[in-house]
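K.L.:
Just dropping this structure here.
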Amino acid sequence: MKKQPRDTGCFGVCLMIHLRRRAELPRLEMMPLIDVIFLLITFFIYALVLMVRADLLPVTLPKLVSGEPARNVVPIVVLLDGEGRLYVNAEAAPDTAAVLERVTELREEDAERPIFLAADQKGEKDRLPLFFNLVDQMRQAGIGDFSIMGAAQPNNSEE
C-alpha cells in the first residue's frame with residue numbers, strides 16, 4: 001500500500017508569509033508643534049497690543065530723586081441704583097447710616113482713598129431726594145472730599 005501525502009492545504013506550494021512588519025521608529029510630527037507655537041505667538045502679540053496704552057503723549061520725563069512710586073489706590077464707590085438701593089463697593093447697604101459707617105471704616109484703613117458717588121441714570125422712582133440726603137449726611141459726618149461720577153458727554157465746542 002502506497003502512502004498518501006498528507007494534505008497541508010497549500011496545494012502543493014507552501015510559502016511562508018510574514019504578517020509582522022518591521023518595527024518602525026516613532027516619528028515626531030512637526031506640523032502640529034509648529035501650529036501650536038504660531039498660535040501662542042499670535043496670542044501673546046495680540047495681548048501685548050491690547051496692553052499698551054496708545055493715548056499717551058511722547059514726552060521724556062525728568063528723573064527725580066525725591067519722588068515716590070505711584071500707588072494703586074482702590075476708590076470707595078457709593079452707588080445708588082435704579083430702585084433706590086445703596087451699595088458701598090458692590091456691597092448692599094440698608095440705609096444712609098450704614099453707608100456712612102462703611103465709608104468711615106474704609107477711610108480709617110486708608111485716608112487717601114478717593115470716594116466716588118454714582119447714581120443709575122434710569123430708574124422707576126425719583127431718587128434725587130435720597131441722593132441729596134446722602135450727600136448732606138456725608139458732609140455732616142465730615143466726609144466732604146468726594147466726587148460725583150457721570151458718563152462723559154461728547155464735546156461740541158468745535159463750532
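K.L.:
Which of the residues that make up segment 77-94 are of a type outside the set (A, V, I, L, M), loosely packed, with under 13 Cβ neighbours inside 10 Å and either over 22 Å from residue 126 (Cβ atoms) or free of Cβ contacts under 8 Å to residues at least 12 places away in the same chain (or both)?
P.N.:
91, 94
K.L.:
Here are some conditions: (1) within 30 Å of residue 72 (Cβ to Cβ); (2) in a loop (DSSP other than H, G, I, E, B); (3) at pLDDT 75 or above; (4) out of contact with any Lys or Arg (no Cβ under 9 Å at 6 or more places or on another chain). Residue 112 meets all but one. Which one does it not meet?
P.N.:
Residue 112 satisfies every listed condition except (4).
K.L.:
Which ones in segment 92-109 are closer than 19 Å to residue 147 by Cα and touching a Lys or Arg at 6+ places or on another chain (Cβ under 7 Å)?
P.N.:
106, 107
K.L.:
Run down 90, 54 and say which single residue is at pLDDT 65 or above and either under 33 Å from the mean Cα position of the chain (by Cα) or under 24 Å from residue 118 (Cβ atoms) (or both).
P.N.:
On inspection, the qualifying residue turns out to be 90.
K.L.:
Sticking with this one: Give the residues of segment 115-140 that are part of a loop (DSSP other than H, G, I, E, B) and surrounded by 15 or more Cβ atoms within 10 Å (Cβ to Cβ), sorted by residue number.
P.N.:
The answer is 127, and nothing else.
The values are calculated or read from the model by the stated rules, or taken from the named source; none is laboratory data. These numbers were taken from a predicted model, which means no experiment stands behind them. A quick note on method: Cβ atoms are made from the backbone with ideal geometry, for glycine too, and the neighbour counts reach across all protein chains shown.
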